[in-house]
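Note sheet for the following structure.
The values are calculated or read from the model by the stated rules, or taken from the named source; none is laboratory data. Since this is a predicted model, take the numbers as computed values, not measurements. Counting neighbours? That spans all protein chains shown, and the Cβs are built from the backbone with ideal geometry, glycine included. Note: areas computed on protein heavy atoms with side chains; ligands, DNA, RNA excluded. Shrake-Rupley method; radii C 1.70, N 1.55, O 1.52, S 1.80 Å.
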Amino acid sequence: MAIISACASTGRYTPPSGGEGRLCKYTGQSVRALPIRIITVGKKRSAGVQLLVEEYTNKLKNYCSLHDFHIRSNPRNARDEKAQVDDEDKAVMNLIRSDDWVVMLDERGRNIGSEQMAELIGDAGNTGASRLSFCIGGPYGHGQQIRKRANVSIRLSSMVLNHQIALLVLVEQLYRSWTILKGQNYHH
Ligand SMILES: C[S@@+](CC[C@H](N)C(=O)[O-])C[C@H]1O[C@@H](n2cnc3c(N)ncnc32)[C@H](O)[C@@H]1O
């Protein structure tokens, strides 16, 4: 299989277009299952969201290793948007390794469908990266460092979502992606 980019930290990735019901090119093939880390910034999760997130993260563990990492927003910065974003940016960057392949979730990101999300996971496995990191920003969004570092920025909806809802949609889509890759009967 072709190596898409030998350098996980600098290769910008253009996801496949989702036009005309294009199907994931890896379905039924063996793909390298990179460990996934999800980094979420924001206030403490509600118990209801946590329960549902765990439901999907537990299912996902049948396909790849997964680490759900939560960075709590610092309330001391609540009145200073820039200080808050900079602080969160630093905390996120501290968790990113040079050989991570980084997907930033952003309301202004690329629009992709579920089949293309599955393909993105397959493509990431061919980059030479050793981990796939998904980043969900805090109340004011992402800082400059992670924006620069991200290999790709994707949107989950044209609406703005709370960070907890973005996380929930992400974990369901990751689970869906793996069932697409394996050709299992979940995605219709
Ligand atoms: C409350 S939102 C921040 C909204 C803020 N206006 C911004 O510029 O990002 C918190 C995080 O949820 C995620 N998020 C919210 N809506 C999203 C969407 N439609 N697609 C992808 N991620 C989204 C992003 O990671 C965002 O940084």
Accessible area per residue of the chain at 1.4 Å probe, in Å²? 51
Which lysines, if any, have their Cα less than 19 Å from the Cα of Lys59, not counting same-chain residues under 8 positions apart? Lys182
Can you give the angle from 0 to 90° between the axis of helix 163-182 and the longest principal axis of the chain, with both taken from C-alpha atoms, to the nearest 10? 10
In the chain, with Lys and Arg counted as +1 and Asp and Glu as -1 at Cβ, which of these residues, Gly109, His188, Asn62, has the Cα nearest the positive end of the dipole, that is, farthest along it? Asn62
If the stretch 34-180 were replaced by its equivalent ellipsoid, with semi-axes equal to the square roots of 5 times the Cα gyration tensor eigenvalues, what would those be, largest first, whole Å? 23, 17, 14
Leaving out ligands, DNA and RNA, and with a 1.4 Å probe, what % of the accessible surface on the stretch 34-180 is carbon or sulfur? 49
For Asp106, residues with placed amide H under 5 Å, excluding near neighbours: Ile154, Arg155, Leu156
Name the residue, out of Ile121, Ile38, Ile165, whose mean-square fluctuation peaks in a Gaussian network model built on the chain with Cα pairs under 10 Å. Ile165
Please give me the summed charge of the neighbours of Gly42: other residues whose Cβ is under 11 Å from its Cβ, Lys and Arg +1, Asp and Glu -1. +3
